[in-house]
Amino acid sequence: MPTPEFVVGRQAEVALFDDLLAGRTPYRWLEIYGPGGIGKTVVGGKLLGHAQARGIPMAAVDGIQPDLTPDRILGLFMTGLTASPAGEKLADGLRAFDRQFHDYLIINQVLQQGGGIAALFDVVGNVKDSAGLGSILGSLGSAVTEAVKRTASNRFAMERYLRGAERALTSSFMNGLAAGLTELRRPVALLIDTYEEMEGLDDWVCRTLAPGLPPEARLVILGRNELHRVNFDWSEHGDAVSSQPLRELDEVDAKAYLRHYGLTDPVALDEVYRFTGGYPLLLVLVRHLAKEAGGWEQVGALESSADRDRIATELLERILRRGRVAEVQAFLEKGVVARWFDPETISVILQISQDDARKIYDKLKRHSFVERHPYGLKFHDKDPGAAAGAAQVHQPRRV
């Protein structure tokens with residue numbers, strides 16, 4: 001198993017969250033924002049751990065999850081809340097939503113297997129192929145309820161259901177959560193991470209999800225962009241929402257991180273802290289450089305700059321040079337356009353065999369400029385341009 005990442009600092013954000021849970025704040029929704037590499041996901045992990053330690057049910061949704069829609073977000077929230085030790089009382093309240101959400105998923109599966117509404121029904125609303133529809137429903141077994149069968153029996157019933165599904169599911173979730181909270185008698189928290197990846201749903205989050213939550217439910221959003229800049233409508237909620245920028249690690253925490261990874265010389269600690277400015281991603285990269293170089297004493301001089309992207313590029317150049325990874329540089333140059341990648345993606349982009357692509361994938365997997373994605377890996381949101389630039393620097397010159 002991989003060694004867990006050593007985490008320092010972020011006590012201020014945990015204290016904000018604790019005040020939010022305890023009702024000591026005028027706001028019920030907290031946003032923590034900052035650029036890529038500042039450590040928002042790490043903060044999210046600390047908040048989840050804090051809620052768990054206090055026995056507070058908390059559910060999280062990551063914006064990088066594929067095919068997110070309002071109904072699927074509500075389904076993920078339900079699953080997360082009811083999975084906690086205190087979630088049994090919430091499960092009772094959310095039982096009706098659970099049934100409705102289950103039917104919704106089944107109906108969408110029927111539509112997908114049947115080729116869509118136009119393929120299933122004729123223009124006057126009748127089923128085109130009763131035997132075919134029966135076969136689809138039969139393949140889904142006992143999961144198909146009578147309500148699903150009625151909806152699937154007529155085009156107009158199906159269209160009417162789909163038009164109102166989002167509103168009905170949202171209302172059912174809110175009512176069920178309120179009922180569960182009455183029994184639970186403590187707050188719950190919902191967290192959305194990587195919000196920049198799902199800003200297309202911001203209108204729903206701003207106008208429907210947040211204001212529809214019961215007063216005892218707290219919402220935390222982690223993203224790159226301040227909510228009021230994404231959608232000015234957030235300002236209409238007044239003091240109910242608070243946006244807090246996430247800062248670099250202070251000198252004490254940054255040096256504690258470096259000491260944990262073996263850098264103890266006071267002069268070198270000062271130099272590395274000045275070079276990184278306490279920016280978490282740069283601390284990870286410089287630590288990775290030391291590992292590739294064979295120790296901190298082999299890192300060499302570091303030139304400070306206010307331009308974090310330039311520093312990241314310099315570190316990546318040196319990591320690639322030290323790491324002897326020339327075989328992955330072609331993908332770094334061409335693959336940064338991909339939102340995510342797996343061995344098959346690498347094989348297609350570089351036109352190489354699956355075996356060779358898997359070797360490149362396995363080597364990329366250990367580098368600090370990539371992170372996990374539901375479908376494989378993705379370049380860190382601060383690093384793609386730097387990774388491409390670093391790769392181009394080290395491409396062999398063609399003559």
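Beyond 11 Å, what share of the Cα-Cα pairs of the range 246-290 remains, rounded to the nearest whole percent?
Summing the P(r) tail past 11 Å for the range 246-290 gives 61 percent.
In this structure the amide hydrogen of ASP193, modeled in the peptide plane, comes within under 5 Å of the amide hydrogens of VAL61, ASP62, GLY63, LEU222, none closer than 5 places in sequence on its chain. Ranked by the mean number of other Cβ atoms within 10 Å of their residues, highest first, the peptides 125-136, 21-32 fall in the order 21-32, 125-136. Extent along the principal axes, Cα only, for the range 55-111: 40, 27, 13 Å, with the longest axis given first.
Once both labels are positioned 7 Å from their Cα atoms along Cα-to-Cβ, the gap between ALA15 and ASN175 label points is 4.3 nm.
For the range 12-79, state the semi-axes of the equivalent ellipsoid (square roots of 5 times the eigenvalues of the alpha-carbon gyration tensor), sorted largest first and rounded to whole angstrom.
Values: eigenvalues 91, 55, 29 Å².
Equivalent ellipsoid of the range 12-79: 21, 17, 12 Å, largest first.
Work out the P(r) tail for the range 1-122: percent of alpha carbon pairs separated by more than 26 Å, whole number.
Distances greater than 26 Å cover 40 percent of the Cα pairs.
Take every Cα pair under 8 Å whose residues are at least 6 apart in sequence, average their separation, divide by the length of the range 1-103, and the relative contact order is 19 percent. Calculate, for ALA240 and VAL267, the FRET efficiency according to 1/(1 + (r/R0)^6) with r their C-beta to C-beta distance and R0 56 Å; round to the nearest 0.05. Calculated transfer efficiency: 0.70. The portion of the accessible surface of the range 65-219 made up by carbon and sulfur, rounded to a whole percent, is 50 (1.4 Å probe; DNA, RNA and ligands excluded).
How long are the three semi-axes of the equivalent ellipsoid of the range 156-308, in whole Å, if each is the root of 5 times an eigenvalue of the C-alpha gyration tensor, listed from largest down?
On the way: eigenvalues 431, 61, 49 Å².
Computed over the range 156-308, the values are 46, 17, 16 Å.
With R₀ fixed at 41 Å, the C-beta to C-beta distance from GLU344 to LYS149 puts the FRET efficiency at about 0.60. Scaled to the globular estimate 2.2 N^0.38 Å, the Cα spread of the range 180-264, given as radius of gyration, is 1.47. The charge dipole of the range 126-193, taken about the Cα centre with unit charges on the Cβ atoms of Lys, Arg (+1) and Asp, Glu (-1), comes to about 200 debye, rounded to the nearest 20. Extending 7 Å from the Cα toward the beta-carbon at both ARG185 and ALA22 defines two label points whose distance is 2.0 nm.
P(r) for the range 92-239, from all Cα pairs and a bin width of 10 Å, is 10, 30, 26, 22, 11, 1 %, short bins first.
The spacing between the range 74-118 and the range 155-206, judged by their C-alpha centroids, is 11 Å. Scalar couplings 3J(HN,Hα) for the range 206-216, obtained by applying the Karplus form with A = 6.51, B = -1.76, C = 1.60 to θ = phi - 60°, are 6, 9, 10, 5, 4, x, x, 5, x, x, 7 Hz; x denotes Gly and Pro.
What length, rounded to one decimal in nm, is gained on full extension from VAL252 through to GLU166, with 0.36 nm per residue of separation minus their alpha-carbon distance?
Numbers: separation 86, 0.36 × 86 = 30.96 nm, distance 4.81 nm.
Roughly 26.2 nm would be gained on extension.
Relative to the current alpha-carbon distance between GLU226 and ALA53, full extension at 0.36 nm per residue lengthens the span by 59.4 nm. Using r as the Cβ-Cβ distance of ARG207 and LYS128, and R0 as 45 Å, what FRET efficiency do you calculate, to the nearest 0.05? Taking R0 as 45 Å, the efficiency between ARG207 and LYS128 is 0.75.
The values are calculated or read from the model by the stated rules, or taken from the named source; none is laboratory data. Being a predicted model, the structure only gives us computed values, none of them experimental. Note: ideal-geometry Cβ built from the backbone for every residue, glycine included; neighbour counts use all protein chains shown. In case anyone asks, the SASA skips ligands and DNA or RNA and just uses the protein heavy atoms, side chains included. Shrake-Rupley method; radii C 1.70, N 1.55, O 1.52, S 1.80 Å.
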